[in-house]
Amino acid sequence: MNAELIRRIDIAQAQADNAREILRREWLITNGLGGYGSGTISGMVTRRYHGVLVAALPAPFGRVVMLNHLSEYLRLSEERRILIGGEETRSEGEDGTQEHYVREFRLEHGLPVWVFEAWGYTIEKRMLLIHGQNTVHITYRLLSGQDSARLELCPSVHFRRYEHDVTEPFVSGYSLLIHDRRYELSTAGLPYSLRLYVNNDDKACFRHEGGHVREIGYQTEADRGYHSRGVLWSPGAFTIELRPDRPVTLVASTEDWASILAIDPQSALAADLARRHRLISSAAPAVQCSTASELVLAADQFIITPAGRVEDAARAKAAGDEVRTVIAGYHWFTDWGRDTMISLEGLTLTTGRFHEAAWILRTFAYYIRDGLIPNYFPDGEREGVYHTADATLWFFHALDRYLDVTKDRGTLQLLLPKLVDIIEHHLRGTRFGIAVDHADGLLKQGAEGYQLTWMDAKVDGWVVTPRRGKAVEINALWYNALCLLAEWLQAEKGAEAAAPYAEHARRARETFNRRFWNEERQCLLDVVDGEHGDDAAIRPNQIFSISLRHSVLDEARWPAVLEKVRAELLTPVGLRSLSRGHPDYKQRYFGDLRARDAAYHQGTVWGWLIGPFVDAWLKVHPEDRAGARHFLDGLIQHLDHGCIGSISEVFDAEAPFTQRACIAQAWSVAEVLRCWAKTAEPTSGQPPA
């Protein structure tokens with residue numbers, strides 16, 4: 001393991017205003033099932049999605065916040081204690097400045113570590129979420145001070161689905177069962193208990209306070225226009241004694257006791273570090289340096305075995321297979337077809353996880369219906385939702401990238417009939433008005449009340465950017481899919497089987513270059529034959545006409561389109577979703593749901609779009625790897641902000657490009673990681689990426 005794989009945030013050296021901003025940055029740990037732990041560096045709960053343990057439970061429960069909060073007190077005497085962690089721990093100093101006790105936060109090999117300093121004591125806290133379990137270890141160690149220190153740990157709960165309102169009332173009262181220093185919190189409304197115990201401190205005790213309720217505020221929920229006052233229930237407090245040579249761990253879990261006790265905290269940490277070492281050593285050599293290795297570990301957070309879909313697991317095991325999918329973003333996304341297919345190369349192929357790539361492709365292939373893969377799987381549900389025009393076309397792209405790396409003809413042969421069926425459905429017409437217009441060979445889409453492209457914001461029945469008609473990226477993807485299918489059929493079935501699809505591709509390309517080219521602006525229209533005619537808005541969607549393996553745009557026009565996107569859409573953290581000169585342009589993604597959705601694709605910067613921009617740049621400037629690498633600089637710097645060690649979903653359209661929406665997004669991480677590898681200078685004897 002790279003000894004330098006540490007990202008350190010030195011809060012002690014920060015100025016007061018900057019320290020307040022740093023303490024509100026967030027952290028994330030995951031368990032490979034869809035469960036996670038997340039919060040602010042200070043410990044303050046600001047989102048409904050925050051929790052020390054958000055467990056991934058089988059359908060119909062989905063992800064449930066089981067341990068919402070943990071207050072941490074340093075006991076100075078029988079009469080006095082101070083809160084050092086678990087809230088925004090600041091008090092007014094004599095000079096009017098505000099003091100806090102968090103002196104350092106760091107990620108060590110992707111795992112969060114805090115250092116607290118208070119009244120002569122220095123205390124370290126580490127967190128680990130056991131891979132494949134809904135179990136969290138919170139370990140404390142005394143680094144300096146007196147011979148020992150006493151901590152009081154006060155857990156608070158509100159068992160609820162993670163996306164539910166913080167004002168949701170308790171289903172019923174909570175009960176606490178204590179047996180042999182083991183503690184179980186339960187409620188009649190949920191057939192799962194929160195099990196707690198303290199490891200490595202025989203003197204640890206629990207003070208049962210009969211259960212008390214306190215109200216807290218969720219500032220980020222208030223900023224986002226949601227209910228922001230909620231209550232938490234606490235059964236009491238654990239008291240533990242810390243010594244320099246004896247770390248003490250609070251364990252919280254929804255697993256059975258046998259699973260919880262099967263591995264002690266020290267062994268669990270060693271096993272997890274070994275797993276992380278294997279992840280990095282299996283990745284492409286170009287991403288085994290420290291910065292890219294962090295992204296390899298960040299990528300791991302999105303690849304999961306979905307705990308909720310037990311039927312999928314049973315079917316897969318019967319066929320000798322495994323179920324894998326991709327969480328699109330934390331905290332609130334589940335697995336989305338489009339995001340998965342765009343992310344697949346960066347998350348799995350760049351990282352050497354080829355078997356999991358195959359499992360992901362086969363998992364989604366099982367769910368093909370009427371020529372479409374699911375748009376997404378709702379949390380806690382067994383079936384997908386299908387309203388998407390592009391996710392299925394991205395499936396072809398993902399399979400192409402997989403086959404290019406693995407040469408896995410077996411998977412191609414297994415999926416080829418499904419691929420033909422997909423194209424035939426599109427040629428005949430399928431759901432949501434998705435169909436080829438046989439007058440020109442282009443793919444159209446659109447249905448009232450649905451948002452079918454990746455620009456899919458919708459609120460209160462308002463589809464913000466419906467883009468009905470023939471969208472530029474949909475047709476770039478359609479052409480790419482036709483070319484790929486023709487190639488695969490040629491290799492597996494012969495020229496006669498491939499010929500009809502090659503002809504559809506030829507016709508689509510000819511029409512595309514005639515219909516989409518905007519001579520006046522020297523770029524591409526965003527939509528043709530739309531509800532209100534052609535749409536000349538300058539959006540990043542046109543970059544896909546160059547970036548995909550089979551570029552639908554005539555090569556002579558590549559430089560002009562690339563320059564238009566660079567000049568009007570490129571920022572340090574990705575591409576704007578709309579040019580500044582458009583009347584619908586929004587500078588900030590902020591406010592309540594309607595305000596945010598109005599800005600979501602109307603200027604807001606998307607980090608993942610840096611990937612296709614880099615692809616297009618290297619097609620036009622194939623020798624400029626160094627220049628292409630510099631387009632990643634802003635996103636690499638972002639690893640110290642937002643969610644430490646990961647990359648956010650979107651950013652404001654103007655400086656300082658504040659991060660917004662999901663704190664960790666699969667395709668943002670995947671595309672930066674993929675492009676890092678692609679822009680690496682080849683070593684002697686190594687072919688270009």
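Going by the structure shown, is D460 under 26 Å from the mean Cα position of the chain (by Cα) and over 28 Å from L412 (Cβ atoms)?
yes
Kindly list the number of the only condition in (1) more than 22 Å from the chain's Cα centre (by Cα); (2) surrounded by 20 or more Cβ atoms within 10 Å (Cβ to Cβ); (3) of a type in the set (G, A, S) that fails for A567.
All conditions pass for A567, except number (2).
Of the residues in the stretch 187-200, how many are β-branched (V, I, T) and either outside the structural domain of G211 (by TED's automatic domain parsing) or surrounded by fewer than 17 Cβ atoms within 10 Å (Cβ to Cβ) (or both)?
Qualifying residue count, the stretch 187-200: 0.
Would you point out which residue out of A318, A298, A274, A314 is closer than 17 Å to L128 by Cα, without any contact (Cβ under 8 Å) to a residue 60 or more places away in the chain and of a type in the set (A, V, I, L, M, F, W, C)?
A274
From the set of residues in the stretch 12-31 that are surrounded by fewer than 22 Cβ atoms within 10 Å (Cβ to Cβ) and assigned to a loop (DSSP other than H, G, I, E, B), which is modelled with the lowest pLDDT?
Looking at the filtered set, the residue picked out is Q15.
Let me spell it out: the conditions are (1) over 27 Å from the mean Cα position of the chain (by Cα); (2) under 26 Å from A595 (Cα atoms); (3) hydrophobic (A, V, I, L, M, F, W, C), and L489 meets all of them except one. Which number is the exception?
L489 satisfies every listed condition except (2).
So which residues in the stretch 141-164 are touching an Asp or Glu at 6+ places or on another chain (Cβ under 7 Å) and surrounded by 21 or more Cβ atoms within 10 Å (Cβ to Cβ)?
L151, L153, R160, listed by residue number.
Restricting attention to helices (runs of 4 or more DSSP H) lying wholly within the stretch 573-689, give those where 1 or more residues are in contact (Cβ under 8 Å) with a residue 60 or more places away in the chain.
The helices (runs of 4 or more DSSP H) meeting that bar are 593-599, 610-620, 633-637, 666-678.
Scan the stretch 299-339 residue by residue and report those that are of a type in the set (A, V, I, L, M) and part of a strand (DSSP E or B).
Within the stretch 299-339, I303, I304, V326 qualify.
Among the residues of the stretch 242-261, write down those that are modelled with pLDDT under 95 and acidic (D, E).
Hit for the stretch 242-261 is D245, nothing else.
So in the stretch 165-186, with the set limited to residues that are surrounded by 19 or more Cβ atoms within 10 Å (Cβ to Cβ) and out of contact with any helix residue (DSSP H, G or I) (no Cβ under 9 Å at 6 or more places or on another chain), which one is farthest from G230 (Cα to Cα)?
Y183
Based on this model, can you work out whether T305 counts as polar (S, T, N, Q) and buried (at least 23 other Cβ atoms within 10 Å of the Cβ)?
no
Scan the stretch 264-280 and tell me whether some residue there is in contact with a helix residue (DSSP H, G or I) (Cβ under 8 Å, 6 or more places away or on another chain) and not β-branched (V, I, T).
Looking through the stretch 264-280, at least one residue is in contact with a helix residue (DSSP H, G or I) (Cβ under 8 Å, 6 or more places away or on another chain) and not β-branched (V, I, T).
Only one of (1) under 30 Å from L5 (Cβ atoms); (2) assigned by TED's automatic domain parsing to the domain that holds L128; (3) among the hydrophobic types (A, V, I, L, M, F, W, C) fails for L232. Which number is that?
(1)
Determine, yes or no, whether F590 is at pLDDT below 95 and closer than 30 Å to G110 by Cβ.
Values: at pLDDT below 95: yes; closer than 30 Å to G110 by Cβ: yes.
When the stated conditions are applied, F590 passes them.
Which count do you get for residues in the stretch 434-452 that are under 28 Å from the mean Cα position of the chain (by Cα) and modelled with pLDDT of 95 or more?
Number satisfying all stated conditions: 1.
Quick one: how many residues across the stretch 90-107 are surrounded by fewer than 22 Cβ atoms within 10 Å (Cβ to Cβ) and either modelled with pLDDT under 90 or under 22 Å from L67 (Cβ atoms) (or both)?
Total meeting the criteria: 10.
Any residue at all in the stretch 479-492 that is closer than 21 Å to I546 by Cα and either touching a strand residue (DSSP E or B) at 6+ places or on another chain (Cβ under 7 Å) or in a strand (DSSP E or B) (or both)?
Checked against the condition, which is being closer than 21 Å to I546 by Cα and either touching a strand residue (DSSP E or B) at 6+ places or on another chain (Cβ under 7 Å) or in a strand (DSSP E or B) (or both), the stretch 479-492 yields no hits at all.
Here is a check on your reading of the model: is T239 of a type in the set (V, I, T), in the same structural domain as H212 (by TED's automatic domain parsing), farther than 17 Å from N134 by Cβ and part of a strand (DSSP E or B)?
When the stated conditions are applied, T239 passes them.
The values are calculated or read from the model by the stated rules, or taken from the named source; none is laboratory data. The shown structure was predicted, so the numbers you read here are calculated from the model rather than taken from an experiment. No Cβ is skipped: glycine too gets one built from the backbone with ideal geometry, and neighbour counts run over all protein chains shown.
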